[in-house]
Structure formats: structure tokens, C-alpha cells
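Report on the following structure.
The values are calculated or read from the model by the stated rules, or taken from the named source; none is laboratory data. Keep in mind that what you see is a predicted model, and the values were worked out from it rather than measured. Here the Cβ positions follow ideal geometry from the backbone for every residue, glycine too, while neighbour counts run over all protein chains shown. What goes into the accessible areas is simple: the full protein's heavy atoms, side chains included, and nothing from ligands, DNA or RNA. Shrake-Rupley method; radii C 1.70, N 1.55, O 1.52, S 1.80 Å.
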Amino acid sequence: MRNAMVQLCLVIIGVSGIHAVRLLQTSSFHVRMFPSGGADKVWAIQGRDSVEMMNINGEYILRSINPGAWQISVQANEPFSNTRFSVSDVKPGMDIDLGEVRLR
């Protein structure tokens, strides 16, 4: 029984270590909209994958993303127009502040 408990603890430590290393290899970014209610949805696009960014009081956040090049697509509310811009070379483990997007 004691041997089984030791093996279970070792497996838990191993799995936790693998997940910790994986989290260190992911990145995140966030962007603020001005005016804060001007955007309906904000999407992050990489290749053929797209993820809707989470809105918290006009700041759009995306966590645990893969490194590489991304595009940000903003679907704006009327009377503002939609916009799209690129984020190049996102490196592993980075938390990138994309600044403020002023909707026109």
C-alpha cells in the first residue's frame, strides 16, 4: 500500500511538471478599446484558427496562446468601422500589451 501511494505521488508530480512547462511556453496579450463600448467582438486569428477575446470593461484579453504571428480583428459597433491589425513574432512566455485601439 505504501509503495502504491509513493507511485501515485510521483505520477501527480510528473503530470504537474509537464503542465507547468507547457504554461511557460504559452503567451498572452491584451488590448484596450477607445471608446470602451465601441467594439462588439474582438477576434485573435492565427492561420485558420480564431479565438474570441474576452472583454473586461473595454480591455480585451487572450491568455494561453501559441507563439507566432497573430492578427487582431475588431468588429465595431455603429458608427465606428471595423479594423484589423497584425501582431508579429509573439515569443513563448510573453505577456504583450498591444496598447489602445482608437475606433474611427
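Numerical summary
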quantity: Residue among S50, S81 that alone is outside any strand (DSSP E or B) and open to solvent by 30 Å² or more (accessible area, probe 1.4 Å); calculated: S81
quantity: Filter result (under 14 Å from V87 (Cβ atoms) and either touching a residue at least 40 places away in the same chain (Cβ under 8 Å) or within 13 Å of the chain's Cα centre (by Cα) (or both)) within the range 31-47; calculated: V31, V42, W43, A44, I45, Q46
quantity: Test: residue in the range 48-65 that is in contact (Cβ under 8 Å) with a residue 40 or more places away in the chain and touching an Asp or Glu at 6+ places or on another chain (Cβ under 7 Å); calculated: no
quantity: Any chance I45 is in contact with a Lys or Arg (Cβ under 9 Å, 6 or more places away or on another chain), modelled with pLDDT of 85 or more and open to solvent by less than 40 Å² (accessible area, probe 1.4 Å); calculated: yes
quantity: Cβ pairs under 9 Å, 6+ apart, first in the range 10-23 and at pLDDT 75 or above, second assigned to a helix (DSSP H, G or I) and open to solvent by less than 70 Å² (accessible area, probe 1.4 Å); calculated: none
quantity: The range 53-78: number of residues that are open to solvent by 60 Å² or more (accessible area, probe 1.4 Å), among the charged types (D, E, K, R) and part of a strand (DSSP E or B); calculated: 1
